[in-house]
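**Student:** Next up is a structure, given as structure tokens.
The values are calculated or read from the model by the stated rules, or taken from the named source; none is laboratory data. Fair warning: this is a prediction, and the values are worked out from it, not measured in the lab. Note that we place each Cβ from the backbone using ideal geometry, even for glycine, and neighbour counts take in every protein chain shown. Just the protein is used for accessible areas: all its heavy atoms, side chains included, with ligands, DNA and RNA removed. Shrake-Rupley method; radii C 1.70, N 1.55, O 1.52, S 1.80 Å.
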Amino acid sequence: MIKFDIPTLPFTVKKESKRNFVNLKSNENLTGDLLTSEISALALTLTSEDIYKYPVYDEIYYKVSLYAGTQNILLTSGGHDAIRVVLSSLSKNNKVLLAAPNYNGYELYFALYQIPYLIHMRGPEQPHNLDELVSRAKHNKCNIIIITNPDPYSGDSFDNDTLASFIQRCDTIGISVIIDEVYTGMGKEQHTALTDMYDNLILINSFAKSFGLPGLRAGWIVAPENYLLRLRNHFPETNLSGFSIKCLLHLLDHPLVIQRYRDNLRLCRSNMLREMKKVTDIIPYEKSVANFILFKSLKDVAADSVWETLKDKSFYMANLNSIEGYENYFRITVCSRHDHDGFLNELSRI
């Protein structure tokens, strides 16, 4: 009989369908139909070969390399798969400092691969102090720091000069840095240029957020050449589908389509913030450069009740109340004017 050794996770993994709601939790493409007609037209160009033959990766690597500005890329099946590949390549002799709160995929794979780690929390409106991150990592003998930029809960970000100084300081004391940059492209550009300057930097990205296409499940890793060659040998990109490649090639050949999508998303985000500030018993966090907005409820109602009431009205948002320091905080995806007006109307009634 097969014997399994699956560790107990520090959280419960829960998969839930949100198709019957206005899904304001999962960072899906909710700002309009700018990509709908493009993808519909693309579907008509699919051939049987795109489905029943194994994908060829040469062209997509060439196009993604041009887009990212580097050839040191490994394609993955989404950002989560990029996390899996990077963390599964680490030995148990590493020790990680994780800037948090963060995506639970990190703790999942730390537990699975028995990688020691520490959590360094930030507040909802208090960005990480990078000097504190370095000092704590050094004090606790951590040789890896993982940070998400823009932040996955507040949406704020560090500029490239600040990050460069942080990475340089880490390099001088033997600490590697992994930056999860899946929220770039909507107000903060990717950090790829930094990989030409530092050998201690690994980047994780995807086409989900800033391309508005999470259903494609396409992501990538940028890393130093010697490390990336080993990754490619152990983790070939055979889980990226021919259909995903076809869509990506089309959109990479039509950058104005993506630019219009991002411009529209930024406009929707600005409009949402303006309208949210008019609601007297909520406070939106205005520094998001991602495709979501964090806000605090001042209502004399329990946060879980606020969440349940809006869910009953078919608005499903991220309830952050269970995270220490984020009591009465919620996060909503940038969406269309119609959905946002409906959401604010129901929120105001509570």
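**Student:** Within the stretch 271-281, which residues are hydrophobic (A, V, I, L, M, F, W, C) and surrounded by fewer than 20 Cβ atoms within 10 Å (Cβ to Cβ)?
**Tutor:** If the condition is that a residue be hydrophobic (A, V, I, L, M, F, W, C) and surrounded by fewer than 20 Cβ atoms within 10 Å (Cβ to Cβ), then L273, V279 are the ones that fit.
**Student:** Open to solvent by 50 Å² or more (accessible area, probe 1.4 Å), at pLDDT 95 or above and out of contact with any helix residue (DSSP H, G or I) (no Cβ under 8 Å at 6 or more places or on another chain) - does that describe any residue in the stretch 88-98?
**Tutor:** Taking every residue of the stretch 88-98 in turn, at least one turns out to be open to solvent by 50 Å² or more (accessible area, probe 1.4 Å), at pLDDT 95 or above and out of contact with any helix residue (DSSP H, G or I) (no Cβ under 8 Å at 6 or more places or on another chain).
**Student:** Considering only the stretch 157-207, how many residues are over 20 Å from the mean Cα position of the chain (by Cα), in a loop (DSSP other than H, G, I, E, B) and among the hydroxyl-bearing types (S, T, Y)?
**Tutor:** Qualifying residue count, the stretch 157-207: 1.
**Student:** Can you tell me how many residues within the stretch 145-162 are crowded, with 21+ Cβ neighbours inside 10 Å and either hydroxyl-bearing (S, T, Y) or touching a His at 6+ places or on another chain (Cβ under 9 Å) (or both)?
**Tutor:** Going through the stretch 145-162 one residue at a time, the tally reaches 8.
**Student:** Could you tell me whether L256 is closer than 22 Å to G32 by Cβ, at pLDDT below 95 and open to solvent by 50 Å² or more (accessible area, probe 1.4 Å)?
**Tutor:** yes
**Student:** Looking at the stretch 58-71 only, could you name the residues that are open to solvent by less than 50 Å² (accessible area, probe 1.4 Å) and assigned to a loop (DSSP other than H, G, I, E, B)?
**Tutor:** Selection gives T70 alone.
**Student:** I would also like to ask the following. If I filter the stretch 304-350 down to residues being in a helix (DSSP H, G or I) and small (G, A, S), which single residue comes out as least open to solvent (accessible area, probe 1.4 Å)?
**Tutor:** Applying the filter and picking the extreme gives G342.
**Student:** What residue, among those in the stretch 37-57 that are within 26 Å of the chain's Cα centre (by Cα) and under 30 Å from H191 (Cβ atoms), is least open to solvent (accessible area, probe 1.4 Å)?
**Tutor:** So, considering only residues that are within 26 Å of the chain's Cα centre (by Cα) and under 30 Å from H191 (Cβ atoms), the one least open to solvent (accessible area, probe 1.4 Å) is L42.
**Student:** Another question, if that's okay. Looking only at residues in the stretch 168-205 that are touching a Ser or Thr at 6+ places or on another chain (Cβ under 9 Å) and on the phi > 0 side of the Ramachandran plot, which one is most open to solvent (accessible area, probe 1.4 Å)?
**Tutor:** My answer is G187.
**Student:** Suppose the filter is open to solvent by 50 Å² or more (accessible area, probe 1.4 Å), in contact (Cβ under 8 Å) with a residue 24 or more places away in the chain and among the basic types (K, R); does K246 pass it?
**Tutor:** yes
**Student:** Taking the stretch 78-121 only, how many residues are in contact (Cβ under 8 Å) with a residue 60 or more places away in the chain, over 13 Å from I204 (Cβ atoms) and outside any helix (DSSP H, G or I)?
**Tutor:** Final tally of qualifying residues: 4.
**Student:** Name the residue that is nearest to L163 (Cα to Cα), counting only residues in the stretch 75-127 that are of a type in the set (S, T, N, Q) and more than 17 Å from the chain's Cα centre (by Cα).
**Tutor:** Checking each candidate, the answer is Q126.
**Student:** Further question on the same structure: Among the listed residues L273, L265, L294, which satisfies the condition of being part of a strand (DSSP E or B), at pLDDT 95 or above and under 22 Å from E189 (Cα atoms)?
**Tutor:** From the options L273, L265, L294, the qualifying one is L294.
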